[in-house]
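The structure appears below as structure tokens.
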């Protein structure tokens, strides 16, 4: 797997930006098959920073309805990546 396939996109929400500012933690949508060590190496190669730890969440797709038609959103995986103390925070999103 390529490092750019593992990290799909940064998640820029209010909670994610607060974690970035206060806890030195980045939030990404990642490939569902990727494990924590693959995510760690991908973030280190893309942003050139040292990673302290990685926490992952498997999110189940919600039921969606349009009138009588129903379906599910796709399942996806989220990763919280905490950087080591003293590392410069990459600026991928300005709010």
Q.
Regarding region 17-31, can at least one residue be identified that is under 11 Å from the mean Cα position of the chain (by Cα) and not in a strand (DSSP E or B)?
A. yes
Residue count, region 60-95, condition at pLDDT 95 or above and surrounded by 13 or more Cβ atoms within 10 Å (Cβ to Cβ), comes to 8
Subset of region 1-14, residues part of a helix (DSSP H, G or I) and either crowded, with 17+ Cβ neighbours inside 10 Å or without any contact (Cβ under 8 Å) to a residue 12 or more places away in the chain (or both), comes to 6, 14
Selection from region 42-63 of residues farther than 13 Å from residue 79 by Cα, without any contact (Cβ under 8 Å) to a residue 40 or more places away in the chain and not in a strand (DSSP E or B) yields 44, 48, 50, 60, 61, 62
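The values are calculated or read from the model by the stated rules, or taken from the named source; none is laboratory data. A quick note: this is a predicted structure, and the numbers were derived from the prediction, not measured. With ideal geometry, Cβ positions are generated from the backbone for all residues, glycine too; neighbour counts draw on all protein chains shown.
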